[in-house]
Amino acid sequence: MKTYDVTALGELLIDFTENGSSAQGNPLFEANPGGAPCNALAMLGRLGRKTAFIGKVGKDFFGSQLKEALGDVGIDAKYLYMDEEVHTTLALVHTFPDGDRDFSFYRNPGADMMLTEDEVPEELIADTKIFHFGTLSMTHEGVRAATKKALALAKKHGCLISFDPNLRPPLWKSLEDAKEQVLYGLGFCDVLKISDNEIQWLTGEEDFTAGVRWIQERYPSIRLILVSMGRDGSRAYYGDQMVEVPAFVQENTIETTGAGDTFCGCVLHYVCGHDLDHLTAEGLREMLTFANAAASVITTRKGALRVMPTVEEVQALL
């Protein structure tokens with residue numbers, strides 16, 4: 001038996017989220033703990049799963065805030081390193097009227113990029129069931145090497161590997177570089193969570209099912225593919241099966257930051273409790289319904305990591 005259900009590696013940062021205007025009419029921003037991998041871990045913690053994180057923040061005010069936030073939501077932060085010289089990565093989130101958003105990153109460099117191969121703990125990865133990662137830890141050479149070492153260790157120790165590309169174009173030297181690293185990640189993962197626009201960009205297919213088939217033909221070892229489609233719901237592709245579940249559209253949506261991560265956390269919770277070799281259409285529908293509902297709840301809140309919904313809140317919506 002392994003100690004940890006899910007360990008994630010990647011970015012932990014501050015999302016400065018718009019929160020009204022000052023008396024002078026200037027925008028006010030709230031400093032919310034964020035970063036896709038830890039948002040997913042926070043949701044898993046709400047669902048009773050034991051989680052751990054590998055990453056780096058600056059030894060500064062924001063880094064201390066983030067370390068405290070991980071402790072508050074129950075994520076093991078033993079392998080959260082604090083860089084003496086490089087500051088914590090920051091992201092300014094601009095929210096559009098429909099709840100969608102745009103990001104501006106302060107990361108040239110940012111502390112999350114400073115994680116090294118030597119700081120990847122083999123003993124932690126060996127003691128986890130699922131290893132989860134994205135591509136923000138693959139944008140630059142040093143942290144890319146750390147990510148690739150972690151993937152090799154996850155394979156060595158028989159972990160299931162989960163991948164959420166979470167493409168952020170401004171952080172890449174080129175989209176060709178981004179595509180190369182996404183394809184590398186596909187070569188390792190058992191579970192893929194990918195958004196509608198990402199699958200169209202990656203495969204060149206407008207139709208999501210055609211895009212999934214493109215991936216399956218090239219990477220047959222991926223056993224479960226989830227496509228998140230925003231307000232259009234989500235799909236699960238498993239073998240020859242496709243299950244689609246509509247979204248729970250909220251009238252009081254504030255912003256969509258963290259919705260995909262919340263969805264991802266719920267999916268990984270389901271995978272933790274089921275044999276990936278024997279999933280059923282009924283089970284996949286149940287999984288997507290719960291994950292869509294949880295993602296819907298998070299759109300009604302500022303930030304994500306500290307305010308993930310409880311099981312009771314999701315069930316109330318259901």
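The values are calculated or read from the model by the stated rules, or taken from the named source; none is laboratory data. Bear in mind the structure is a predicted one, so any value in this text is a computation, not a measurement. All Cβ positions, glycine included, derive from the backbone under ideal geometry; neighbour counts span all protein chains shown.
Listed here are the helices (runs of 4 or more DSSP H) enclosed by the stretch 140-257 that have at least 3 residues being modelled with pLDDT of 95 or more, within 17 Å of the chain's Cα centre (by Cα) and β-branched (V, I, T), and there are none. The lone criterion from (1) over 14 Å from the mean Cα position of the chain (by Cα); (2) buried (at least 24 other Cβ atoms within 10 Å of the Cβ); (3) closer than 24 Å to F290 by Cβ left unmet by I14 is number (3). A Cβ distance below 8 Å, combined with a sequence gap of six or more or placement on separate chains, defines the contacts here; from the stretch 81-93, residues that are farther than 18 Å from A36 by Cα reach residues that are of a type in the set (V, I, T) in the pairs M82/V57; D83/V57.
Only one residue in L224, L284 is closer than 30 Å to A91 by Cβ, touching a strand residue (DSSP E or B) at 6+ places or on another chain (Cβ under 8 Å) and without any contact (Cβ under 8 Å) to a residue 60 or more places away in the chain. Which one? Step through it out loud before you land on a result.
Details: L284 fails: closer than 30 Å to A91 by Cβ.
That would be L224, the only listed residue that is closer than 30 Å to A91 by Cβ, touching a strand residue (DSSP E or B) at 6+ places or on another chain (Cβ under 8 Å) and without any contact (Cβ under 8 Å) to a residue 60 or more places away in the chain.
Matching residues to (1) surrounded by fewer than 16 Cβ atoms within 10 Å (Cβ to Cβ); (2) under 29 Å from L183 (Cβ atoms); (3) out of contact with any helix residue (DSSP H, G or I) (no Cβ under 8 Å at 6 or more places or on another chain):
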{"site": "G63", "(1), (2), (3)": "no, no, no"}
{"site": "E68", "(1), (2), (3)": "yes, no, yes"}
{"site": "Y81", "(1), (2), (3)": "no, yes, no"}
{"site": "H87", "(1), (2), (3)": "no, no, no"}
{"site": "K129", "(1), (2), (3)": "no, yes, no"}
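The numbered conditions (1) among the hydroxyl-bearing types (S, T, Y); (2) in contact (Cβ under 8 Å) with a residue 40 or more places away in the chain; (3) over 30 Å from F16 (Cβ atoms) are all true for S195 except (3).
Let's see how each residue does on (1) surrounded by 14 or more Cβ atoms within 10 Å (Cβ to Cβ); (2) in contact with a strand residue (DSSP E or B) (Cβ under 7 Å, 6 or more places away or on another chain):
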residue	(1), (2)
G211	yes, no
D277	no, no
T289	yes, yes
A294	yes, no
K302	yes, yes
L305	yes, yes
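Taking G260 as the residue in question, decide whether it is on the phi < 0 side of the Ramachandran plot, touching a helix residue (DSSP H, G or I) at 6+ places or on another chain (Cβ under 9 Å) and either buried (at least 17 other Cβ atoms within 10 Å of the Cβ) or in a loop (DSSP other than H, G, I, E, B) (or both). Answer is yes for this residue.
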